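Student: A single structure is presented below for examination.
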Amino acid sequence: MKTARLVRRESGSILALTSALGLALVVLGVGFFFFVMYMNAQKETKNAIDAGTLNVGRKALDEISVPVTNTSFFDVCKDPPNNSPIPNPTINLRRINRIWAEAMLYKINALAQQAEGQDNNGMTNASNALQSAEQISNQLALRLKNQTDLYPFFTDLAKQNNVRMIGNSATVKEIPGANWQTSTIREVKNSDKVAESNIMLGGSAGNNFLAPHGFTWNADNVTNTQRVPAPANSNGMFFLKGYKELSFGQDSIWQVPFLFEDKPHLVSKTDFNSEKNSAAGWSNPVPNAFSAEGVASEPGKPAEKGMSWMITNPRQTYKAAIPHSFVRLRVEKPKVNWQFVPLAFPVTYFTDTMSGFQPENMSSPPAPAGGPLCATVQAVNVQVGLELIPLLASGVDGMVFGPPSAGTADTYIEKELVSRCNEMITKVGTTVSAADVHSALSNPICTAALISGQSQDFALFSPDGKSLRCMPYIGNVVADADALWLPLISNQTPDGTEKKKGSSIQIPGGVVPFMPTIVPDPFCVQNFALGTGTIEKSLYWQPGTGVNGCLGKVRVQRETNVISIGVCVPII
């Protein structure tokens, strides 16, 4: 009996111990289950809030915009090529740097024409445009800092994320308040460097980034990409610096940094907070980073809160440009200077203008005392304009750049045209050369317009942001099917002043040798007669800032000097 009772007590103890252990395991299992549920709930909430915050940055690039009332900036409110005459007068974070960059080019052109002693209203126009760019930028900065505009972007994506660990009907929404902030992140750890914007420059440091005469780039305003490692397709590209004051004369421009082709991504709270004042000197900087706070909850159940920080990036590079712009060219009808030699050198007595650009026969009035002991000397039925035949084979280009040389003017005008034409180009990585300019000016349509007398005025422009074209004015308008915006501005003129460049150099030619008609003085007889000619060319440049679309005007004046030499001697 004693043994039986002992066995029953031991069995009871084992049963109690087993029950206790089982209960403990159940408690631990339930606890572990709730712990896993809690951890997964946190993870789901964090993922949902991260996704919502990233969406804030992505949507802020395009869906928050402000109006642009200054028509000078309408051409950079859309992506190139933008050939529509219908404007889209709003700007967003993706393209705000384009407005600043266009205003910068206006200022560069104004500084250049001032340095060349040719400013008229250019400096005023450019400074006004910069003030307008700053006002637009300030409005955009305020919109981007208005958290109520950002809430829908957050919830649109955050609510799509699964948070069922909190509850089957749990949802995620924003928590309004001070944790919704913006920042100005450069993402460059080396304090000596500044991140690039998404605006690249044409050319290179070696050719002064194709700037016009009178302006020299400050190398400190430009940088290569600061991405590490640098993407292969960024080789040789130069960008404006972001969150750094870029000075141009008495004015400054600003850029929002976007590392070349970088993705929008999350950043740490430490980096977000430490970079809030990185745009030192910019009174109202446009932000490129956002923080957001949200909560995942279901009625009657514990809620999970979370916060994230991100930097945005459009992953789109633009070229600093004035897309809807052009250069005017004027080919004056050739002049004929009737020159006589009363003493040792030719003197112009009369000046006529040819009727067109084809060779023609012309006569001068009799020139009293046109030669020694000559009562009159007259050039009769002289064929002039022979040099125009080969020049017109290349149209406007031949008339402007064909012989004779105008001293330093030929290379001066060529560089100005190359500079201004590159301001028209919008395709990233594309620049146009002097050869491209000459090719465009050789358009046969322009040749036909000159020969037919239809037009002496022409516009040089880019129809697609990557190539050049020259077309004649019909009346006061230039029309082109690929540049529907051009007729709206082609009547504009440069805001600089005109100045002759180089010096005229005379070379023989222009006429068929002839015999002038000579009337001797009384008691004199003709001794010597010769008719010949020289040609010369004058080039004039009137710079424009481009604020009104006109980047400048080239005017060429060709002249034929018909020299009539008559010498009489007394009758012995």
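The values are calculated or read from the model by the stated rules, or taken from the named source; none is laboratory data. Please read these numbers as outputs of a predicted model, since none were measured by experiment. Don't worry about glycine lacking a Cβ; one is built from the backbone with ideal geometry, like all the others, and counts go over all protein chains shown.
Student: PHE326: within 36 Å of the chain's Cα centre (by Cα), free of Cβ contacts under 8 Å to residues at least 60 places away in the same chain and within 28 Å of ILE451 (Cβ to Cβ), yes or no?
Tutor: Answer is no for this residue.
Student: All but one of (1) under 22 Å from THR430 (Cβ atoms); (2) without any contact (Cβ under 8 Å) to a residue 60 or more places away in the chain hold for GLU245; state the number of the condition that does not hold.
Tutor: For GLU245, the exception is condition (1).
Student: Separate question: With respect to ASN138, determine if the residue is part of a helix (DSSP H, G or I), closer than 30 Å to GLU293 by Cβ, outside the structural domain of GLU498 (by TED's automatic domain parsing) and touching a Leu at 6+ places or on another chain (Cβ under 8 Å).
Tutor: Against the criterion (part of a helix (DSSP H, G or I), closer than 30 Å to GLU293 by Cβ, outside the structural domain of GLU498 (by TED's automatic domain parsing) and touching a Leu at 6+ places or on another chain (Cβ under 8 Å)), ASN138 does not qualify.
Student: Please state which one of ILE311, ILE253 is within 18 Å of GLU196 (Cβ to Cβ), at pLDDT 95 or above and over 23 Å from the mean Cα position of the chain (by Cα).
Tutor: From the options ILE311, ILE253, the qualifying one is ILE311.
Student: Just for strands (runs of 3 or more DSSP E) wholly inside region 461-572: which have at least 3 residues that are crowded, with 18+ Cβ neighbours inside 10 Å?
Tutor: By residue number, 469-472, 517-520, 524-543, 550-570.
Student: Within region 120-131, identify whether any single residue is farther than 30 Å from ARG227 by Cβ, buried (at least 21 other Cβ atoms within 10 Å of the Cβ), in contact with a strand residue (DSSP E or B) (Cβ under 7 Å, 6 or more places away or on another chain) and modelled with pLDDT of 95 or more, and answer yes or no.
Tutor: Yes, region 120-131 has at least one match.
Student: Name the single residue, out of those in region 396-424 being touching a Ser or Thr at 6+ places or on another chain (Cβ under 6 Å) and more than 29 Å from SER355 (Cα to Cα), that is surrounded by the most Cβ atoms within 10 Å (Cβ to Cβ).
Tutor: Filtering region 396-424 for residues that are touching a Ser or Thr at 6+ places or on another chain (Cβ under 6 Å) and more than 29 Å from SER355 (Cα to Cα), the one surrounded by the most Cβ atoms within 10 Å (Cβ to Cβ) comes out as ASN422.
Student: Now, a different point. Considering only region 183-222, how many residues are surrounded by fewer than 21 Cβ atoms within 10 Å (Cβ to Cβ) and touching a Phe, Trp or Tyr at 6+ places or on another chain (Cβ under 6 Å)?
Tutor: Looking only at that region, the number is 4.
Student: Counting only residues that are without any contact (Cβ under 8 Å) to a residue 24 or more places away in the chain and of a type in the set (A, V, I, L, M, F, W, C), which one in region 469-518 is farthest from SER394 (Cα to Cα)?
Tutor: Checked region 469-518; the qualifying residue farthest from SER394 (Cα to Cα) is MET515.
Student: Would you confirm whether or not region 100-113 contains a residue that is of a type in the set (D, E, K, R), surrounded by fewer than 24 Cβ atoms within 10 Å (Cβ to Cβ) and part of a helix (DSSP H, G or I)?
Tutor: The answer is no, given that none of the residues of region 100-113 is of a type in the set (D, E, K, R), surrounded by fewer than 24 Cβ atoms within 10 Å (Cβ to Cβ) and part of a helix (DSSP H, G or I).
Student: Does PRO67 satisfy the condition of being of a type outside the set (A, V, I, L, M) and at pLDDT below 95?
Tutor: Against the criterion (of a type outside the set (A, V, I, L, M) and at pLDDT below 95), PRO67 does not qualify.
Student: Residues in region 448-458: is at least one of a type in the set (Phe, Trp, Tyr), assigned to a strand (DSSP E or B) and closer than 21 Å to SER72 by Cα?
Tutor: No, the conditions are met nowhere in region 448-458.
Student: Now, a different point. Any idea which of LEU392, LEU343 is modelled with pLDDT under 95 and over 24 Å from GLY502 (Cα atoms)?
Tutor: It is LEU343.
Student: Of all residues in region 45-75, how many are in contact with a helix residue (DSSP H, G or I) (Cβ under 7 Å, 6 or more places away or on another chain) and under 14 Å from SER137 (Cα atoms)?
Tutor: Adding up the residues that qualify gives 5.
Student: Since PRO359 meets every condition but one in (1) surrounded by 24 or more Cβ atoms within 10 Å (Cβ to Cβ); (2) over 30 Å from LEU488 (Cα atoms), which condition does it not meet?
Tutor: (1) is the only condition that PRO359 fails.
Student: Is it the case that region 295-312 has a residue that's touching a His at 6+ places or on another chain (Cβ under 7 Å) and not in a loop (DSSP other than H, G, I, E, B)?
Tutor: Within region 295-312 (the criterion being touching a His at 6+ places or on another chain (Cβ under 7 Å) and not in a loop (DSSP other than H, G, I, E, B)), the answer is yes, since at least one residue qualifies.
Student: Filter region 369-393 down to the residues that are buried (at least 22 other Cβ atoms within 10 Å of the Cβ) and β-branched (Val, Ile, Thr) and list them by number.
Tutor: VAL377, VAL382, VAL384
Student: Mind listing whichever residues of region 407-447 are free of Cβ contacts under 8 Å to residues at least 40 places away in the same chain, in a loop (DSSP other than H, G, I, E, B) and over 15 Å from the mean Cα position of the chain (by Cα)?
Tutor: Within region 407-447, SER433 is the sole residue that qualifies.
Student: Then there is this: If a residue has to be touching a strand residue (DSSP E or B) at 6+ places or on another chain (Cβ under 6 Å), more than 17 Å from ASN527 (Cα to Cα), among the polar types (S, T, N, Q) and in contact (Cβ under 8 Å) with a residue 24 or more places away in the chain to count, how many in region 353-380 make the cut?
Tutor: Number of matching residues: 1.
Student: Give me the residue from region 233-256 that is in contact with a helix residue (DSSP H, G or I) (Cβ under 9 Å, 6 or more places away or on another chain) and part of a strand (DSSP E or B) and, out of that set, nearest to ALA112 (Cα to Cα).
Tutor: The qualifying residue nearest to ALA112 (Cα to Cα) is PHE248.
Student: Going through region 174-191 one residue at a time, which ones are part of a loop (DSSP other than H, G, I, E, B), at pLDDT 95 or above and hydroxyl-bearing (Ser, Thr, Tyr)?
Tutor: Passing the criteria: only THR184.
Student: So which residues in region 339-373 are under 30 Å from ALA448 (Cβ atoms) and not aliphatic (A, V, I, L, M)?
Tutor: Within region 339-373, THR351, ASP352, THR353, SER355, GLY356, PHE357, GLN358, PRO359, GLU360, ASN361, SER363 qualify.
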